[in-house]
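The values are calculated or read from the model by the stated rules, or taken from the named source; none is laboratory data. Just so you know, these numbers come straight off a predicted model, no measurement behind them. Cβ placement follows ideal geometry from the backbone for every residue including glycine, while neighbour counts extend to all protein chains displayed.
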Amino acid sequence: MFVAACVFAQQKVILINQLGYLPQSVKVAVFLSTGEGNTQQFQVFDALNDNLVYEAEVKQVEGTDWGMKTAFRLDFSALTNPGGYYIKLGETRSPAFQIASDVYEGTADFLLNYMRQQRCGYNPYLQDSCHLHDGIIVDHPTKTGQKIDVTGGWHDASDYLQYLTTSANATYQLLYAYEQNPAVFKDEYRKNGESGANGIPDILDEAKWGLDWMVKMNPSAGEMYNQIADDRDHRGYRLPNKDTVRYGLEGTYRPVYFITGKPQGLAEHKNRTTGVSSSAAKYASSFALGAMMMKDHYPEFAKQIAAKATEAYTFALSDLGACQTACNVSPYFYEEANYVDDLELAATTLYQLTGDAYYLTEAKKWGSVENVTPWMSAGFARHYQFYPFVNLGHVKLAEKDENFATYLKQGLTHLYERGKDDPFLNDIPFIWCSNNLVAAAITQARAYEEITGDRSFAEMEAALRDWLFGCNPWGSSMICGLPAGGDNPQMPHSSITKILGETTYGGLVDGPVYNSIFSGLIGIEIQQPDPFDAFNRGKAVYHDDLGDYSSNEPTMDGTASLSYYLSSMEKMGATQQNAYEKDTQGAIRRIQPSEKTIYLVFSAHDKAEGATHILKVLDKKDGKASFFFTGDFLRDNQFQPIIKKVIKDGHYLGAHSDKHLLYCDWTKRDSLLVDRTTFEQDLKENCKALQQYDINSKNANWFLPPYEWYNSATVNWASAMGLRTINFSPGIRSNADYTTPDMANYMSSDKIFKSILQVEEEQSLNGAIMLIHPGTEEKRTDKFYLRLEELIETLQAKGYRFERLP
């Protein structure tokens with residue numbers, strides 16, 4: 001939390017979206033101060049060279065709700081040039097951020113890290129299984145006490161309860177995200193959640209995990225179960241594969257609650273269930289959408305759940321009302337009170353599946369009962385009272401009936417009117433899981449604009465989106481581990497964090513709660529000094545603290561509910577960018593992989609005895625290349641003729657760090673060896689050295705890390721400085737040309753040459769980045785750069801062009 005720790009101590013801050021901004025998006029930062037402020041102008045500077053690139057007037061807004069004397073909105077939407085920037089207002093400076101078309105790339109898939117971590121049964125994160133004896137039926141008129149196999153699904157949050165309510169919604173949200181944005185999602189994991197492609201997008205693998213569990217929880221028509229375990233689960237930190245909680249049943253079996261349609265609870269406390277519709281309709285909608293999304297990969301399974309979808313909808317109509325979760329030792333439960341939205345979505349999706357007009361009539365009937373999701377109009381709700389928080393039935397019907405588009409607009413208008421004077425345009429009710437409500441609001445805003453083209457809520461959508469990535473009073477992203485190297489939850493309320501010392505990557509935390517709620521909670525134990533103290537004196541509080549279960553606990557359904565939105569933003573960005581292939585850390589390793597172009601890259605820090613030969617070969621073969629030199633190299637007089645020749649011949653010249661620092665551990669890549677301030681200063685010094693040759697961020701925005709070793713944090717830091725990180729394409733071993741015969745990993749030039757031809761034969765070299773060192777140790781007499789002419793001739797004969805980086 002280096003940003004919060006150093007900035008909040010001053011009690012004034014400029015808050016930004018840490019991921020960055022799409023070039024053509026609304027871009028507004030927020031300034032907050034506990035003191036008076038009358039500055040009228042703010043400035044935006046290039047992060048690499050500190051040049052002023054934009055300035056505008058501030059917009060003063062009311063900050064007293066957040067305990068602030070001064071609050072400004074800083075709109076820089078007119079700045080559209082990709083690059084790295086920071087904002088200044090007086091002496092207050094924001095962190096560096098990027099404007100780029102790929103800022104959301106991979107974010108929707110990143111959420112799946114948490115979903116996999118939450119798996120019950122086989123858990124790929126722990127590489128172990130849990131709760132294999134689920135469970136024993138309770139509250140059934142004839143089957144109470146019988147065993148039932150319902151192992152699977154996801155744990156709800158940091159506890160190990162499992163609810164149909166949240167799991168079915170999560171399943172539908174995953175399926176919906178894929179339905180709307182299928183091209184976005186990658187295939188890097190198998191169906192059991194372990195690494196390895198299986199020919200199926202990972203988001204469908206995750207949705208299938210949910211659907212398989214729902215099939216077990218609905219073994220026959222009219223027999224549905226709503227929950228596994230209950231609040232007796234809440235007995236301290238423990239990993240799921242070492243769960244010691246007992247429920248008074250045989251061995252380690254947990255209770256499985258039958259849907260009765262009546263108030264339910266095995267002890268003194270009961271919920272207020274009024275029927276079966278909300279749960280049964282959730283089964284119906286998830287099965288129906290699952291049948292459509294799974295048919296190409298699992299045709300028989302798709303037929304099975306299609307039949308179950310129609311059965312579930314019939315059952316949902318048999319006992320109208322809302323089905324709530326069951327409690328035991330406390331009076332707390334998910335208080336879902338509405339059900340017509342579930343019936344609307346189920347009927348809409350069944351119409352989509354079957355084409356039967358009956359379902360369309362049903363969908364419109366139920367959709368007209370509740371025009372606006374009640375929390376949006378009321379501005380308040382009890383815990384999960386109006387769930388799901390977004391009505392995707394309205395969204396699907398709006399494509400066919402403009403009345404439903406009007407309903408979507410009405411809900412968004414309520415949110416806008418309440419929040420229009422807030423610094424963050426945010427008057428979401430700060431009840432438990434407020435971030436889930438933010439996710440719902442931006443989902444509705446994005447869907448509404450895509451359906452109607454109406455951009456009336458674009459600024460509010462951007463503000464609520466940015467809220468989740470750090471443009472909030474605490475300056476913290478609300479998604480664990482995202483962005484890498486940024487300020488995001490490091491101490492979420494989770495046994496994973498408590499016991500294993502790791503954040504819950506990909507998990508959306510609950511989010512801030514009203515101070516009035518927080519002050520009345522039992523069992524909150526803030527365990528660290530609060531760096532957010534000055535900004536926790538307003539209407540809502542947030543702590544990145546293991547002991548704050550109210551604001552810092554990640555939830556499975558909230559996480560899944562962001563899948564559609566983040567994939568939509570990634571798709572939007574993809575329309576504005578070139579085709580790149582990236583590695584798992586985010587570095588670009590191929591450029592325009594559909595074209596027969598090879599990008600030769602040469603890097604140097606203190607050796608370049610082969611550079612003159614390389615430049616002669618490139619000139620002879622009419623090839624262009626890219627050179628990356630450290631600041632030390634650029635300042636060394638002995639290398640001046642080489643540098644000038646590189647520039648004169650029209651080759652690319654870019655940054656390779658100033659002092660050739662090692663950024664992260666060789667064996668534990670996510671362990672940083674430099675902090676962000678050191679990284680940024682080193683890179684700026686490298687760029688200062690480049691400026692002496694009239695090379696700047698406008699004509700040199702690629703960055704090759706020293707040692708070609710980096711992690712996702714340093715890639716993000718470089719992006720925020722306006723530089724895109726590249727690395728050599730995998731399989732091409734030309735980078736091993738530095739090795740000497742005494743090394744265990746020594747590779748001869750002949751072996752390197754053969755590796756290149758092998759890659760070309762097996763997967764082509766289209767768009768490949770090929771790294772060669774222009775200087776090596778004297779002990780290596782077998783210099784690979786002496787084979788450069790032969791290499792170029794061989795590959796030119798196969799139709800390849802050699803170009804400098806674009």
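Observations, loosely collected:
- Residues that are assigned to a loop (DSSP other than H, G, I, E, B), buried (at least 17 other Cβ atoms within 10 Å of the Cβ) and not β-branched (Val, Ile, Thr) within the range 244-264 comprise Tyr247, Tyr253, Arg254, Gly261, Gln264, listed in sequence order.
- Residue in the range 238-248 that is among the basic types (Lys, Arg), under 21 Å from Arg119 (Cβ atoms), in contact with a Leu (Cβ under 9 Å, 6 or more places away or on another chain) and in the same structural domain as Thr166 (by TED's automatic domain parsing) present: no
- Among residues that are touching a Gly at 6+ places or on another chain (Cβ under 9 Å) and over 27 Å from Asp487 (Cβ atoms), Lys659 is not included.
- Of the helices (runs of 4 or more DSSP H) lying entirely inside the range 631-709, those containing at least 3 residues that are of a type in the set (Lys, Arg) are 640-648, 676-691.
- Scan of the range 487-508 for residues that are buried (at least 20 other Cβ atoms within 10 Å of the Cβ) and of a type in the set (D, E, K, R), ordered by number: Asp487
- Residue match in the range 229-240 (condition: part of a strand (DSSP E or B) and closer than 30 Å to Leu546 by Cβ): no
For every residue, the table says whether it meets (1) closer than 29 Å to Lys798 by Cβ; (2) in contact with an Asp or Glu (Cβ under 8 Å, 6 or more places away or on another chain).
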| position | (1), (2) |
| --- | --- |
| Glu581 | yes, no |
| Ser594 | yes, no |
| Ala611 | yes, no |
| Ile614 | yes, no |
| Phe629 | no, no |
| Phe633 | no, yes |
| Pro641 | no, no |
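- Test for Thr274: is it farther than 17 Å from Val138 by Cα and among the β-branched types (Val, Ile, Thr): yes
- For the range 591-616, the tally of residues that are surrounded by fewer than 21 Cβ atoms within 10 Å (Cβ to Cβ), in contact with a Phe, Trp or Tyr (Cβ under 9 Å, 6 or more places away or on another chain) and under 19 Å from Ile756 (Cα atoms) stands at 4.
- Test set (1) closer than 30 Å to Pro182 by Cβ; (2) free of Cβ contacts under 8 Å to residues at least 24 places away in the same chain - Thr310 fails condition number: (2)
- Elements of the type strands (runs of 3 or more DSSP E) sitting completely within the range 13-115 and holding at least 1 residues that are in contact (Cβ under 8 Å) with a residue 40 or more places away in the chain: these cover 28-33, 41-46, 59-61, 70-75, 83-89, 97-99.
- Criterion: over 22 Å from Ile136 (Cβ atoms), of a type in the set (A, V, I, L, M, F, W, C), surrounded by fewer than 20 Cβ atoms within 10 Å (Cβ to Cβ) and in the same structural domain as Asp545 (by TED's automatic domain parsing) - qualifying residue of Ala183, Ala207, Ala177: Ala183
- Subset tally (residues that are under 22 Å from Asn198 (Cβ atoms) and either of a type in the set (Asp, Glu) or at pLDDT below 95 (or both)) for the range 264-306: 2
- Residue in the range 574-589 that is assigned by TED's automatic domain parsing to the domain that holds Leu765, crowded, with 22+ Cβ neighbours inside 10 Å and under 16 Å from the mean Cα position of the chain (by Cα) present: yes
- Asp682 being of a type in the set (Asp, Glu) and surrounded by fewer than 19 Cβ atoms within 10 Å (Cβ to Cβ): no
- When every residue of the range 721-740 is checked against the conditions, at least one turns out to be more than 39 Å from the chain's Cα centre (by Cα) and of a type outside the set (D, E, K, R).
- Of the helices (runs of 4 or more DSSP H) that lie entirely inside the range 423-513, those containing 2 or more residues that are within 30 Å of Arg235 (Cα to Cα), polar (S, T, N, Q) and out of contact with any Lys or Arg (no Cβ under 7 Å at 6 or more places or on another chain) span 434-452.
- Here Ala689 meets each of (1) touching a helix residue (DSSP H, G or I) at 6+ places or on another chain (Cβ under 9 Å); (2) surrounded by fewer than 22 Cβ atoms within 10 Å (Cβ to Cβ); (3) under 30 Å from Thr107 (Cβ atoms) with one exception, condition (3).
- Filtered residues of the range 116-129 (kept if over 25 Å from Gly265 (Cα atoms) and outside any helix (DSSP H, G or I)): Gln118, Arg119, Gly121, Tyr122, Asn123, Pro124, Tyr125, Leu126, Gln127, Asp128, Ser129
- Candidate set from the range 772-796 (those that are farther than 12 Å from Lys621 by Cα and either outside the structural domain of Phe602 (by TED's automatic domain parsing) or of a type in the set (A, V, I, L, M) (or both)); member that is farthest from the chain's Cα centre (by Cα): Leu786
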